[in-house]
Amino acid sequence: MAMKAAAVFVVLVAVRAVYGADIIVGGNSGWSQGVNYETWAAGQNFSVGDTLMFNYAGSHSVAEVNEESYKACSSSSVIRSHTGGSTSIPLSKAGPRYFICPTPGHCASGMKLQVNVLAANSTPNPTPTPSTTGTQPPPSPSAAAPSAFFTLNHLIFGASVATLFVL
């Protein structure tokens with residue numbers, strides 16, 4: 001039973017890694033005034049494939065801006081602007097992304113979000129080349145775990161995908 005539970009967990013982790021997650025900006029508070037988005041973002045992981053979900057009232061909107069405009073709370077050079085109360089923004093490439101509420105005074109009062117999008121882990125860590133000059137101690141269990149987990153993760157996920165195509 002424990003082995004089945006572990007296999008299901010590994011498959012779920014693999015699905016998130018491949019398809020990403022929907023991340024509701026601000027959690028239950030959504031995109032609104034009075035939320036510390038810097039603190040909120042520090043507790044999140046953002047990866048390529050994830051989607052930011054902005055939920056907000058009609059007095060707000062979402063503007064994606066560059067770093068300079070983010071720091072200055074300026075909406076004079078907006079990359080993309082979104083309105084309507086619900087906005088989904090796919091995170092399709094690694095690197096920083098910046099968002100503000102362009103309603104006058106809202107960004108200055110804290111309605112701004114910076115996320116650092118990490119690349120999706122798509123290849124295992126390379127195996128170190130054996131030394132020809134002497135014997136090296138074996139890697140520690142914690143160093144070996146990511147590669148073993150990655151391999152198990154992809155073997156199970158690959159089998160799951162193959163099963164889906166067979167069905």
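The values are calculated or read from the model by the stated rules, or taken from the named source; none is laboratory data. All figures in this text were calculated on a predicted structure; none of them were measured in a lab. Every residue, glycine as well, gets a Cβ built from its backbone with ideal geometry; the counts of neighbours run over all protein chains shown.
Taking the range 1-23 as the range and being at pLDDT 70 or above and surrounded by 15 or more Cβ atoms within 10 Å (Cβ to Cβ) as the test, the residues that pass are G20, A21, I23. The residue that is surrounded by the fewest Cβ atoms within 10 Å (Cβ to Cβ), counting only those in the range 30-56 that are without any contact (Cβ under 8 Å) to a residue 40 or more places away in the chain and among the polar types (S, T, N, Q), is T39.
On the stretch given as the range 81-125, residues that are among the aliphatic types (A, V, I, L, M), under 23 Å from Y19 (Cα atoms) and in a loop (DSSP other than H, G, I, E, B) total 4.
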